[in-house]
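Below is one structure, written out as structure tokens; comments come after it.
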Amino acid sequence: MATRESGRIRDVEKKRVLDDLTRRRRARKALEALEQDNFHEDPHADLVMSKKIPKFNNSLDNPRKKGRKSRGADYYRIKYRKTFQQLLEEDRQLNADGPNYSTAQAPETNYPQRHFCAVCGFPSSYTCVSCGTRFCCLKCQATHQDTRCLKFVS
Amino acid sequence: MEKICCIDNGACNIKIGNITDEKPLVIPNCIMKAKSEKRRPFIGNQIDECRDISGIFYILGFTKGYITNWEVQKNIYDYIFSTEFPVNFSDTKLIITEPLFNFPIIQEAMIEIFFEEYDCISLTKTTAPDLCQYQYTNTQDPDEPPLCCVVIDVGYSFSHIVPFVKGKKVLSAIRRIDIGGKLLTNHLKEVISYRFLNVMDESFVINQMKEDSCFVSQDFNADMAMAKKKYPENKTIREYVLPDCTTIRRGYLQTPGTAKKGDDYQVIRLNNERFTVPELLFHPSDLGINQMGIAEATVDAINACPEETRPHLYANIIVMGGSSKFPGIRNRLQKDIRSMAPEIFTVSVSIPDDDPLTYAWYGSQFLANDPEFDNLSISRQDYEENGVRGVLNENDAQ
Ligand SMILES: [Zn+2]
Ligand SMILES: [Zn+2]
């Protein structure tokens, strides 16, 4: 068992090893993916009709009273459509000392990092030499190398 | 007779009703598109009319818990105010929730839209934890209402720990953890897709799977050991029957081997996924997010409050929010906070018996009866005289 494992590790060492920066970029991308609303494309994106759905004041069931004139979709779109990043930047400048969104972020944990196998989810004691991903056994290591490891690195 | 309507404007669900109503309506705060229905989008709970719920595409007005797309949000409001919960704005005062530390420009947009587009007569902005605080303090022992409390709001975009002293938020002690229901669903989706079957397009279904299958572990190492065993010694393992578009409308959990001959449904075997997913609320670092979990952050938040308030805070911890519905969450919080808190303090964590999702909404009746209510509100006259910037500055000063 022990010899087979070190044999494998020798094999791995000949392969490409990801540098720290790439590893961190990968980790950040993985976290960003968890923020997404959708993984797939809009199924109606190719349809012309869907373009007219989210509009401001031409919706048929707008319950606003007669008399007061709507400022219209463009007014609000231009005035208020800021990305989250822009809002955050602005807030940091206007209210640098807080308390604000940035200062409210929970601090780093005082508990030691736990490690889990990226393949099966059980506690892991090994790290992939090439990319830093955790695995728990030879079987999971093989799965990792066959499916992910360096597959998505250009 | 003037009515008061409360809109708890969550990023995932809107909870709406007149404050005297028995319960609020809960409506998904999004527009959905289905692969199978090319003719129409589904706004809010219209999704109930959609037969094939596979590959649902979401359009949300929120980014990271804050409204960034008013076109989408306004469309959903129009639908709700006209169809699902008709509001006559000329005789209804509105209470509406916004996220903690809401950005000024978003507050402006909200005020402007409600006064300009809906012609409302009065708008009161608050937050869900504030409403929760009202509901909690007013429904405890009336002879000795709590002076302080800590709200743990486990939401869709994030979770917040919010200490209150005599009804006021201790702003500098609020803690945000960037884990909420959306991230948990996406993580489960990722894990299932890698281990079993590609479900990356199925947020809607996997969100239901999460709600139906996941629980908070009381002893993580013991549960891991249990999950390592083979069925039937393994008491954690279950099969999740996936919905099809004909007979099974919503998926469900069953013990392995329940399938009878002739059943042709598709199942996914769930094991450690059932508790490692909610575990992220307690250990964001398991996923590489370098933040305290909700129990540790609660202790950190309380430590940031004046010393004399701490015994009161520890004794009045309340959990709310749509993503606090995992079985076992209260007991785990109680156990973890107890182990981290100074021994001399009593620790008491509670969770609403009925529904942590709508709990905050009920607090609106107590806010409306607060002698300060009129001061907290923006009236049409205020708005007309001072403009949106003016009322915002006035409101901020309170
Ligand atoms: Zn493994
Ligand atoms: Zn690797």
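The convex hull around the C-alpha trace of the protein assembly as shown, projected and averaged over every direction, spans 29.6 square nanometres.
Which loop trypsin sites (Lys or Arg not before Pro) in region B:213-299, with loop taken from DSSP, have no more than 13 other Cβ atoms within 10 angstrom of their Cβ? Show your work: numbers first, answer last.
Details: sites: B:Lys228, B:Lys229, B:Lys230, B:Lys235, B:Arg238, B:Arg249, B:Arg250, B:Lys260, B:Lys261, B:Arg269, B:Arg274; in loops: B:Lys229, B:Lys230, B:Lys235, B:Arg249, B:Arg250, B:Lys260, B:Lys261.
Those satisfying the criteria are B:Lys229, B:Lys230, B:Lys235, B:Arg249, B:Arg250, B:Lys260, B:Lys261.
Under the classification rounded if a/c is under 1.5, otherwise prolate if a/b is larger than b/c and oblate if not, where does region B:181-278 fall, given a ≥ b ≥ c as square roots of the Cα gyration tensor eigenvalues? Taking the square roots of the gyration eigenvalues as a ≥ b ≥ c, region B:181-278 is oblate. The Kirkwood hydrodynamic radius of chain B, based on inverse pair distances between different Cα atoms, is 22.5 Å.
Evaluated with a Cβ-only charge set (Lys, Arg +1; Asp, Glu -1), the protein assembly as shown carries a dipole of roughly 2680 debye about its Cα centre, given to the nearest 20. Charges were assigned to the Cβ only: +1 to each Lys and Arg, -1 to each Asp and Glu. The resulting dipole of chain B about its Cα centre is roughly 1940 debye.
Work out, step by step, the length gained on full extension between B:Glu49 and B:Asp212: first 0.36 nm times the residue separation, then minus their alpha carbon distance; give nm to one decimal. Mind showing how you got there, number by number?
On the way: separation 163, 0.36 × 163 = 58.68 nm, distance 2.14 nm.
Stretched out fully, the B:Glu49 to B:Asp212 stretch lengthens by 56.5 nm.
Given a cut-off of under 8 Å on Cα pairs at least six residues apart, what relative contact order in percent is computed for region B:181-278? Reported as a whole number, the value is 30 percent.
Once you list every other residue whose beta carbon is under 14 Å from the beta carbon of B:Gly55, what net charge do they have if Lys and Arg are +1 and Asp and Glu are -1?
Numbers: positive: B:Lys33, B:Lys35, B:Lys38, B:Arg51, B:Lys189; negative: A:Asp37, A:Glu41, A:Asp42, B:Glu37, B:Asp52, B:Asp201, B:Glu202, B:Asp244.
That sum, taken over residues with Cβ under 14 Å, equals -3.
Peptide B:73-80 is shielded by partner chain Cβ atoms: per residue, an average of 4 of them sit within 10 Å of its Cβ. Comparing B:Pro352, B:Pro306, B:Pro163 in a Gaussian network model of chain B (Cα springs below 10 Å), the most mobile by mean-square fluctuation is B:Pro306. Ordering A:Gln93, A:His40, A:Gln113 by Cα displacement along the dipole of the protein assembly as shown toward the positive end leaves A:His40 in first place; charges were set at the Cβ atoms of Lys, Arg (+1) and Asp, Glu (-1). Averaging the Cα positions of each part gives two centres, and for region B:1-55 and region B:175-217 these lie 21 Å apart. Ordering B:Phe42, B:Tyr79, B:Phe275 by Cα displacement along the dipole of chain B toward the positive end leaves B:Phe275 in first place; charges were set at the Cβ atoms of Lys, Arg (+1) and Asp, Glu (-1). Averaged over the residues of A:94-106, the number of partner chain Cβ atoms lying within 10 Å of the residue Cβ comes to 6.
Every number here is computed from the coordinates shown, using simple stated rules; none is lab data. These numbers were taken from a predicted model, which means no experiment stands behind them. Here Cβ is always computed from backbone atoms with ideal geometry, including for glycine, and neighbour counts include all displayed protein chains.
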